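Read through the structure below, which is laid out as structure tokens, and then see the notes.
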Amino acid sequence: MSEYPVIIQGGMGAGVSNWRLAQAVSRLGQLGVVSGTALDQILARRLQDGDPGGHMRNLGNLGTDET
């Protein structure tokens, strides 16, 4: 039987929050979640806004040596 997490942090959307809180919770051995709802719309909007920092354009390099 596995041990259940004491803390489950969730309810935060990718366009509202970011991965840092989920990562902090996960590093404590608990469950941290960021919702991926409407990622297509978030991607499109950020590209329309010019993609400051180039983070959205770099998604095409996932899984390659360039990431």
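The table that follows gives values for the structure above.
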read-out	value
Net charge of Cβ neighbours under 15 Å - reference Q9; Lys, Arg +1; Asp, Glu -1	+2
Nitroxide proxy distance, nm - points 7 Å out along Cα→Cβ at S17 and D51	2.7
Computed [θ] at 222 nm, deg cm²/dmol, the chain (DSSP H ≥ 4; -39,500 (n - 2.57); rounded to nearest 500)	-8000 deg cm²/dmol
Check: the chain dipole with +1 on Lys, Arg Cβ and -1 on Asp, Glu Cβ, in debye	180
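Laboratory data are not the source of any read-out in this text; all were calculated from the coordinates shown. Here the structure is a predicted model, which is why all the values come from computation and not from measurement. Neighbour counts run over all protein chains shown; Cβ positions are idealised from the backbone, glycine included.
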